[in-house]
1. Under a cut-off of 28 Å between alpha-carbon atoms, report the lysines in cross-link reach of Lys282, not counting same-chain residues fewer than 8 places apart.
2. Counting only C-alpha contacts under 8 Å and six or more residues apart, can you give the relative contact order of the range 735-1009 as a whole percent?
3. So how tilted is helix 413-429 from the main axis of the chain? Cα-based, degrees 0 to 90, rounded to 10.
4. Report, in whole Å, the centroid distance computed from the Cα atoms of the range 620-641 and the range 368-407.
5. How high is the FRET efficiency from Ala314 to Glu146, r the C-beta distance, R0 51 Å, rounded to 0.05?
6. Mind giving me the nanometre distance, one decimal, between the label points for Glu376 and Glu620, set 7 Å out from Cα along Cα→Cβ?
7. Convert each backbone phi in the range 84-98 into a coupling constant with the Karplus relation 6.51 cos²θ - 1.76 cosθ + 1.60 (shift: θ = phi - 60°), then list the ³J(HN,Hα) values in order as whole Hz, x for Gly and Pro.
8. Using modelled amide H (1.01 Å from N, peptide plane; none on Pro or chain starts), what sits under 5 Å from the amide H of His643, excluding residues fewer than 5 places away?
Amino acid sequence: MSSHLGVKETLELLESLKGLLREFAATEEKLNLQLRAKISSLHRRRDEAINALATRLSEEIEQADAALQAGRETAESKYQSRKARISALQKTGRKTALQEIENQEGKRKHKLQTEALQTKRNRESGLANAETTLAEFRSALAADQETLALLETTARSSFRGYGKFLRLLDGADGRPEADFAPEEHQLLGELRELLDRTSDDLRRFRRMLLPALFRYLPLWLVLIACLILLVPLLRLFGIESFSYPQAMASAVGCLAITFLLHHVGRRQAEARARTIASALVKARQLHDVCSEKAETRHRQDLERIERDFQSKSAWIDQEWNLAVEKATAARDSLPQQIDLKVTRVAARNEQCHRLKLERLERHHTGSVERWHLEAEAKKQELTTTCAASEANANADYHALWQPLETEWKTKIGSIYQTITAVNAEADKLFPPWQPQLLENWTPPAHFAHVAKFASLEVDLEKLSEGAPKDPRLAWPGPVPLRVPLLLSYPGQGSLVFETTHSGRDEAIAALNNIMLRLLGGAPPGRLSFTIVDPVGLGQSFSGIMHLADYAEHLINSRIWTQTSQIEQRLADLNEHMEKVIQMYLRNEYATIAEYNEQAGNIAEKYHFVVVADFPMNFSETAARRLLSIATSGARCGVFTLIHWDRRQPLDFVPDELRKASVGLTGKDNTFTLTGRFVPGTNLILDAPPAPDFAIDFIHKVGVSSRDSNRVEVPFSQVAPAESELWTLDTTGELRVPIGRTGATKLQYLAIGKGTRQHALLAGKTGSGKSTLFHVIITNLALWCSPEQVEFYLIDFKKGVEFKCYAAHRLPHARVVAIESDREFGLSVLQRLDEELKRRGDLFRKLGAQDVAGYKRAGGTEPLPRSLLIIDEFQEFFVEDDKIAQTASLLLDRIVRQGRAFGIHVLLGSQTLGGAYTVARTTLGQMVIRIALQCNEADAYLIMDDSNPAPRLLSRPGEGIYNDSAGTVEGNSPFQAVWLPDEVRDTYLARTRALAEQKSNAYPGPIVFEGNAPADVGENTLLRSLLESAAIKKTAAPRIWLGAPNSIKGPTEAVFHRQSGNNLLIVGQRDEAPVGGPGVAGRPASTRERAVPAVRRQPARHAATRVPRTNHSGHLSSRHPGETGGSAVDPEGPGR
């Protein structure tokens, strides 16, 4: 099937390209808009910030100026106010100062008195707090003492079963080391943590089983001792089985177990017991140390409180005296100090005022300069930030472009590569019509499944209605883009040109070009054209007609113009489609292309209906048939190439025709795809070659297409390998491959099972019937030994089809009749009838029903399956005489009874029609039907009345195998293998050589050749006489006249010593009367060994009357009455 892009795929590719271009253009525009918007926004925010900055600077300067003026006014006001206060204070300062001294002195004394009182109170409260703290600590320590005592009691109770653990509680293994440096409250907290941890450990210890049990160790020892006391107690109840030794042993065992468990329990609990004991000892120490530290701290606190009280009292006394002294001194020096201070204050006030004004000026100038600098820096920062943001935006823009470029290269590059590959492949398959093409062209081995008919020039800008403009998204190849338009098979192989007033010539030229392209891209014989040209009367496609000089089947013999012819040709194609569907596709293959991929050299042809000026001369029936082909033909390998003249009326809406085909609509000598407008495209039809070039090319195609209708499946596909020669056993069934069925399977001739016992084979002259007979005979001779199969071959044709088997002395052949007479054929039937009776006697003796049963019953004589093969069997019945009647009876008996005895009949004929033929009841017994090419009448005759399938067979060797008596469900289409004469002779020579290698003697067949003279060397009686040491004298002389027309000894004339024993020879050739009597019996006394050179007589001589011979070769004389001549039995005429 085609892997190339058809029109549909090409348009889908362009649609995909259009979508991608639009997508990339939209993305490009989006990115550019985003960048422009982002930069514009950055600039706007920068300008707004700079303007806001300038406005704020102006406002701040205005505020600073106002603040400076306000500061000056405030400073001047403060200066004047302070100056006035200084003058006023100088007047009242003295009085106020003395009063202040008195007040300060009083305040100081009052404060010292208050501190003295507070010191006393602090001493008393400190002593009380010390006592309270000691009492509280002692109380807390007492509670912990109780907890410790309880834990010690519990531990002693828990350790009661182990003295070692109790000693640990007493500190027998030494006191644990502990740090008692911290103060008592910290030690108390440590004690409590230790008690809590010890309590948890003690609870876990008490949950241990063995230590818990051994807390009551004395009780267990008492119970063990009670075992001894149990002995007298049991004896009181009359139980003597438990004695004192047993009791002692039990007690000792229990003690041992007890001490063992005691030891195990101690081992399990020792670590935890040590931890508990150590913790309790340490807790006791901590308790004692806490008590001692508390007493010590209480004593130290009392000493510190008393010491602090004495120290504070002495300081108060000292400060009291100092305050009195300072007040006295101040009263003396204060007036002078006030005057000096007033002077300094005034000067300071003046200086502060001046400095204040200077500071205000500096601050104002500095602030304005700072604001200018800050504004400039901020402006620079804004400009830098904007530039950085703009750079970031550009970087982000370019970063977004990078994946976009990658995606462009990936997606567009993929499409470009596809288009480039399609163009390259199209240029390779369909190069320009140049002279070098004609010189170098050779028929391809495989059909390209594609044909180029036009190209599309694509303007990418118009296709996408706005392609990307950035050079980074440039189309990777040349523009405008060129895309080939291809018909691909089987999917899109049909084409319709629709024209009105113009475009017809271009459409016809394109159709001619497409046919040339198809012929140039297909193996010889793989295409067939049915051309219809009702207006041009064949002139539109006259160049193609040169193919008829080489192979008529390529163009269906001629160009059709008349309505009846068109109807018939389209009917034939519809029948061909039926054949393909029913015989090849069935339910195994979707299309004929799939079938052909598997079929190899038996691939079916592709058929093309080429129509000009449709619907001219198309009847409604023809139009409907054409529509049926267009809609359903692609699956069957039938395609349409149509020029539709829209000016002609049409009785139906051709939508289905458009749907099933690639459509081109012509307008003003240009074409566009029908219903598939693609913007920016220009469809350019491929230019056809020059007329002379086209004719030369057609001649070259025609030369390569001679005999291309022949399909040759090599015989080697069905022949056995060397190791398989003569290996087939025919006991159960005779089964041999004869051809290919379907695409990959072999077709077998299967005879001998069920009702499949005999075969009827029919096919017209040239259909391959004789070749199929050769295939059957040769392949059976290769697969089966002579002990498995034997042949009786009769050929009534005026030819020598079976002569090769006589020439190679085929060991399987019993009789070979060439150009046979009816009489000899009848004798073969008689011989088989005798064989049937003989086998019947053998089977009855052994109680067997068939060949397999005969062999199972112990039959020792080899009974090969006998095949009677008669070509043109109807020659038996060309005359309504005794021979025909006898042959009909014998054939009927052999067909009906032979199946049980391994005797089978294969009848072949060119036709089953005619006045005389074998009885239909006999043919009805022949379940296997093999039909080759034949007419419809014979198709119904060889199959049943509802199965005309053979009429659809179209090439030599193509046939239908049916083993269901001709019913349609039994049809199995096949292609017979091709067996050339030289190949057949090679295999026959190999078979003869194999026979000669065997120990069995395989004599040659009985050969009857109607028009050949008899060979005296084949006279076994004469040869035995000549080779014998002594010849016995016969009672009467005899003359051998030649070979008989039946299966018996040579024809002879015996002359008795009586009247009428004379011989009359009548004929048209002189050598017959001379040569025949030359072979005569000689007296024994002569003992001559010379063999006379005798030429054979013709098969039959009118008025020749010779005596009939029996199977032993002796003459039985018949007296002709008064004529005095020797009589000849009319049932056994001589040759």
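1. By straight Cα distance, Lys282 reaches Lys164, Lys293.
2. Details: 540 pairs, mean separation 78.7, N = 275.
Relative contact order here is 29 percent.
3. Rounded to the nearest ten degrees, it is 10.
4. Answer, in whole Å: 71.
5. Numbers: r = 48 Å, r/R0 = 0.94.
That pair, Ala314 with Glu146, gives E of 0.60.
6. 10.3
7. Once θ is set to phi - 60°, the couplings for the range 84-98 become 5, 5, 5, 5, 5, 5, 4, 6, 9, x, 4, 4, 5, 5, 5 Hz.
8. Under 5 Å from the amide H of His643: Phe497, Val611, Ala612, Asp613, Phe614.
Every number in this text was worked out from the coordinates using simple rules, so none of it is lab data. As the structure is a computational prediction, the values presented were derived from the model and not from experiment. Here the Cβ is made from the backbone with ideal geometry for all residues, glycine too, and neighbour counts use every protein chain on show.
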